[in-house]
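Encoded as structure tokens, the structure appears first; notes follow it.
The values are calculated or read from the model by the stated rules, or taken from the named source; none is laboratory data. Just so it is clear, the structure is predicted and the values come from calculations on it, not from any experiment. A quick note on method: Cβ atoms are made from the backbone with ideal geometry, for glycine too, and the neighbour counts reach across all protein chains shown.
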Amino acid sequence: MYERMLNKQETPNIEKMTKFCGENAERFSFLNEWLVSAFHTEKKVVFPYGNKYGWGIGHYKNKKLICNIFAENGAFTVMMRLTNAQYETIYNEMTKYTQEFIDNKYTCGNAGWIHYRVICQEHYEDIKKLLEVKCL
């Protein structure tokens, strides 16, 4: 369950990645388009960080990474980094599910990375809030 697109030899297009997300395909599509329209990100199909991450869509603003959104079978995962201060500003507004990701982030200086899996509308709403904090 939640397998990723790991065949590095075959570059998928965005339509194929969207379809791969199954019941979360519409959310995957909406999130990618929302980032482009609301924050003017540039999106690019990428295979970053080695074989276990697989294919995803990287969002960049002024060549700076905003996030990677990895297509998964039936879901998708957003990988992003916020400062501890940014996490703190929104922490109490998040669901317990999201708070657990924040609590267990991969710490890096005064910031941390999360790999946030979206499998329902509640998760979709929370990741949008986190991305707003990142982009504003």
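There is no residue in the range 88-111 that is crowded, with 20+ Cβ neighbours inside 10 Å and within 17 Å of residue 3 (Cβ to Cβ). The residue pairs whose first member lies in the range 78-95 and is touching a residue at least 40 places away in the same chain (Cβ under 8 Å) and at negative phi, whose second member is crowded, with 16+ Cβ neighbours inside 10 Å and aromatic (Phe, Trp, Tyr), and whose beta carbons are closer than 8 Å, counting only pairs six or more residues apart or on different chains, are 78/70; 78/116; 80/116. In the range 42-136, counting only strands (runs of 3 or more DSSP E) that sit wholly within it, the ones holding 3 or more residues that are modelled with pLDDT of 95 or more, within 15 Å of the chain's Cα centre (by Cα) and among the hydrophobic types (A, V, I, L, M, F, W, C) span 64-72, 75-83, 111-118. Looking across the range 8-29, the residues that are of a type outside the set (A, V, I, L, M) and free of Cβ contacts under 8 Å to residues at least 40 places away in the same chain come down to 9, 10, 13, 15, 16, 19, 26, 29.
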